[in-house]
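**Q** Pasting a structure here, questions to come.
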Amino acid sequence: MLSEDEAKNPELVFLPEKYEYSYDDFLTATPYERLYDLHGSPFLFQTAVLKMKARAKEVKFVGFMDMLKRFMEAQQSERRKNLVPNQTEFDGQAMELNCGIWESTDWGIYRETPMGGREYACAHPIMPVERLVNIDTDEVKVKLAYKRSGKDKKWLTTIVGKDVISTARSITALSSQGISVTSSTASTLVDYLNDMENLNYDLIPESKSIGRLGYIPGEGFSPYVDGLVFDGDASFKHLYDTIRSYGSITCWYDTIMECRRMSVTAKIMIAASFASPILSIVGALPFFVHLWGVDSGTGKTVALMAAASVWGNPALGSFVQTFNATQVGQERTAAFLNQLPLCIDELQLTKDSHGRSSFDVYQLAQGVGRARGKRTGGIEMTPTWSCCFLTTGESPIFGNSAGAGAVNRVIDIECTAGDAVIRDGQRISNALKQNYGFAGQIFVRKLYESNDMQEMVRQIYNENFKDLRQGDSTEKQAMAAAAILTADFFACMWIFEDEETILTVDEIARFLASNDSVSAGRRAYDWLCDWVAANVNHFYSGEFVPNCDVYGVLEGSRAYINRGVFNKAVSDAGFSSSATLSYLKSNCLIETKKKGYTKCKRLGGVLTECVVLTLASDDEYSEFDGNPL
């Protein structure tokens with residue numbers, strides 16, 4: 001060991017020429033102790049190591065550097081045991097944590113290396129301040145507080161998964177948030193954060209977290225649960241923050257009551273917003289309420305804003321979204337909202353250059369997203385939701401060729417200038433933007449108040465469903481309408497305290513599709529009758545001989561259509577030819593031979609397989625005049 005004089009003057013330890021240790025000396029602690037005493041002075045330490053290494057080579061001692069490293073590590077470990085716990089010294093820090101061997105100051109975080117250098121983890125303050133355990137998945141995340149350099153030097157926070165801060169490869173992603181980390185410092189920052197959490201496990205508070213909205217068994221309805229932290233995708237943080245109350249509940253109440261009295265359509269939209277959290281209780285399927293109309297100024301968007309104001313900020317881009325989104329984005333948004341309505345404006349944003357909408361009702365109406373694989377193997381958790389979708393546009397949300405399932409899930413309401421949904425829209429929308437978010441919290445608090453209350457909701461729903469099934473509507477249409485009626489009933493009881501404006505079965509029934517209008521087969525048959533009438537010049541009829549492409553023969557109320565022409569025409573219109581033929585045969589609208597779908601007929605002297613379609617008579621058309629197809 002060094003003498004007192006040598007400790008005060010490290011340069012005294014050097015011999016004029018070189019060290020004189022023998023081979024056996026290098027097997028003792030003496031030379032290594034002499035070097036260790038110099039590690040506080042990096043230049044002198046490195047100079048002495050080079051001299052000592054040269055002497056070890058002279059005496060043919062192999063492994064000097066490895067021995068030195070082991071000795072230095074042992075000394076460092078022993079020194080740590082005797083140290084008083086080192087504390088973080090960040091200005092304005094949320095808490096004081098034990099940082100062990102790390103020096104944690106405002107100008108950087110580092111540790112001393114066994115060889116006398118410094119290894120920096122980060123150039124600015126950063127520390128774990130909270131541990132979050134997700135209620136749904138049990139996934140653990142950590143809230144990091146950090147302070148970047150700058151004039152204000154404010155503390156910022158970010159929530160990251162433990163998997164992100166546990167590997168050098170993934171932790172570099174934090175650089176996008178301004179945290180000083182590169183590929184060369186990543187492993188050191190991982191060590192620092194890991195040490196900080198382990199040394200302060202009991203000091204760092206642990207909270208429950210959630211990455212979605214909606215009911216949480218045993219906890220309450222997110223986001224109305226005290227102490228619950230949002231740890232979901234950062235892209236949904238803005239949407240999460242829009243679910244809040246603002247302004248005056250009295251002003252909101254007066255505005256909404258005015259809207260409810262303006263039209264039945266407005267009443268339905270507002271009630272559908274309340275219906276969303278009811279679906280999972282009564283076991284109903286997700287559904288759409290779609291307002292459409294080519295006329296401007298009918299109040300479609302304002303009605304959508306009124307429905308959105310039940311839960312949060314109804315401004316476009318806040319709680320109200322647009323159709324300008326991908327399929328994956330819409331699925332994830334629905335899964336995030338979970339039991340709250342997804343409000344989407346402007347269907348026309350999905351149309352292509354040919355005016356065709358690319359939106360698929362099935363995509364959201366099923367309540368289950370697509371299973372997707374992970375880059376690391378396995379599959380992601382399949383997103384699910386149980387909510388309603390409130391939408392607007394200039395045209396219906398589905399085409400004439402849409403499947404029965406898609407039509408079934410949509411309550412389609414046309415809005416015209418002569419029958420506006422909401423009048424004086426500018427004034428109403430301004431009032432809603434300044435006052436919102438009160439009713440939703442009141443509604444779900446009452447809804448989940450007790451099991452008896454939920455049983456009452458189911459009872460009212462079943463009664464409404466039974467009444468609606470007395471008409472000509474389909475089962476799925478009745479399910480959606482019953483949920484709306486039930487929600488409106490309880491909203492009037494709990495919030496509006498107005499029994500006079502409760503939505504009735506007769507008021508909503510006129511907007512429900514009939515069994516025939518929902519049937520894709522019936523719509524295909526009606527289209528075929530129109531198609532034959534529009535292409536009559538392509539058919540042999542009596543003495544008439546076509547001078548263009550021949551499609552078939554007209555004989556009385558029958559149209560003999562070439563099978564190939566039939567398949568192409570039906571497919572081009574968006575219908576399934578096989579499903580259409582099956583419907584036509586089962587409803588005796590085509591004549592067939594045995595088990596097939598066609599009959600033989602001579603066209604221009606050539607024997608041809610034809611679909612023999614029975615055309616609708618005048619009486620049959622008048623029967624369906626009242627059904628909007």
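**Q** Considering only residues that are small (Gly, Ala, Ser) and under 26 Å from the mean Cα position of the chain (by Cα), look in the stretch 167-192 and name the one that is surrounded by the fewest Cβ atoms within 10 Å (Cβ to Cβ). Walk me through it before giving the result.
**A** Let us first name the residues in the stretch 167-192 that are small (Gly, Ala, Ser), namely 168, 170, 173, 175-176, 178, 180, 183-184, 186-187.
Next, from what is left, pick out any that are under 26 Å from the mean Cα position of the chain (by Cα): 170, 173, 175-176, 178.
Numbers: Ser170: 15, Ala173: 14, Ser175: 13, Ser176: 7, Gly178: 13.
Going through the qualifying residues, I end up with Ser176.
**Q** Residue pairs, Cβ under 7 Å, 6 or more apart or interchain, first in the stretch 539-563 and closer than 12 Å to Gly604 by Cα, second surrounded by 11 or more Cβ atoms within 10 Å (Cβ to Cβ) and charged (D, E, K, R). List them.
**A** Val553/Lys601
**Q** Go through (1) in a helix (DSSP H, G or I); (2) of a type outside the set (Asp, Glu); (3) over 46 Å from the mean Cα position of the chain (by Cα); (4) modelled with pLDDT of 85 or more and name the single condition Ser622 misses.
**A** Ser622 satisfies all of (1) in a helix (DSSP H, G or I); (2) of a type outside the set (Asp, Glu); (3) over 46 Å from the mean Cα position of the chain (by Cα); (4) modelled with pLDDT of 85 or more except (4).
**Q** Could you name every one of the strands (runs of 3 or more DSSP E) located completely within the stretch 500-587 that has at least 3 residues being of a type outside the set (S, T, N, Q) and surrounded by 15 or more Cβ atoms within 10 Å (Cβ to Cβ)?
**A** Numbers: elements: 539-541, 552-555, 558-562.
Because the criterion is at least 3 residues that are of a type outside the set (S, T, N, Q) and surrounded by 15 or more Cβ atoms within 10 Å (Cβ to Cβ), the strands (runs of 3 or more DSSP E) in the stretch 500-587 that meet it are 552-555, 558-562.
**Q** Taking only the stretch 321-341 into account, find how many residues are in contact with a strand residue (DSSP E or B) (Cβ under 7 Å, 6 or more places away or on another chain), farther than 13 Å from Phe236 by Cα and outside any loop (DSSP other than H, G, I, E, B).
**A** Final tally of qualifying residues: 1.
**Q** Could you please give the count of residues in the stretch 588-598 that are within 29 Å of Phe398 (Cα to Cα) and in a strand (DSSP E or B)?
**A** Qualifying residue count, the stretch 588-598: 1.
**Q** Return yes when Ser222 is modelled with pLDDT of 90 or more, among the small types (Gly, Ala, Ser) and either under 18 Å from Gly312 (Cβ atoms) or open to solvent by 30 Å² or more (accessible area, probe 1.4 Å) (or both) and no when it is not.
**A** Working: modelled with pLDDT of 90 or more: yes; among the small types (Gly, Ala, Ser): yes; either under 18 Å from Gly312 (Cβ atoms) or open to solvent by 30 Å² or more (accessible area, probe 1.4 Å) (or both): yes.
Judged against the criteria, Ser222 is a match.
**Q** Also, quick follow-up: Among the residues of the stretch 70-92, is any open to solvent by 80 Å² or more (accessible area, probe 1.4 Å), part of a helix (DSSP H, G or I), at pLDDT 80 or above and closer than 30 Å to Leu193 by Cα?
**A** yes
**Q** Looking only at residues that are in contact with a strand residue (DSSP E or B) (Cβ under 6 Å, 6 or more places away or on another chain) and open to solvent by less than 10 Å² (accessible area, probe 1.4 Å) in the stretch 270-295, which one is nearest to Asn408 (Cα to Cα)?
**A** Filtering first and then ranking leaves Phe288.
**Q** OK, next. Could you list, in sequence order, the residues of the stretch 599-608 that are more than 22 Å from Asp526 (Cα to Cα) and part of a strand (DSSP E or B)? Talk me through it step by step, then tell me what you get.
**A** First, the residues of the stretch 599-608 that are more than 22 Å from Asp526 (Cα to Cα): 600-608.
Cys600, Lys601, Arg602, Leu603, Val606, Leu607, Thr608 - these are the residues of the stretch 599-608 that are more than 22 Å from Asp526 (Cα to Cα) and part of a strand (DSSP E or B).
**Q** Which residues, counting only those in the stretch 152-166, are open to solvent by 70 Å² or more (accessible area, probe 1.4 Å) and of a type in the set (A, V, I, L, M)?
**A** none
**Q** Kindly indicate the residue of the stretch 303-332 that is β-branched (Val, Ile, Thr) and open to solvent by 20 Å² or more (accessible area, probe 1.4 Å) and also farthest from the chain's Cα centre (by Cα) among those meeting that condition. Reasoning before the result, please.
**A** Of the residues in the stretch 303-332, the ones β-branched (Val, Ile, Thr) are 310, 320, 322, 326, 328.
Imposing the further condition that a residue be open to solvent by 20 Å² or more (accessible area, probe 1.4 Å) reduces the set to 322, 326, 328.
Details: Thr322: 14, Thr326: 11, Val328: 8 Å.
Among those that are β-branched (Val, Ile, Thr) and open to solvent by 20 Å² or more (accessible area, probe 1.4 Å), it is Thr322.
The values are calculated or read from the model by the stated rules, or taken from the named source; none is laboratory data. For clarity, every value in this text was computed on a predicted model and none was experimentally measured. Methodologically, a virtual Cβ is constructed for each residue, glycine included, from the backbone with ideal geometry; neighbour enumeration extends over all protein chains shown. Quick note on the areas: whole protein, heavy atoms, side chains included, nothing else; ligands and nucleic acids left out. Shrake-Rupley method; radii C 1.70, N 1.55, O 1.52, S 1.80 Å.
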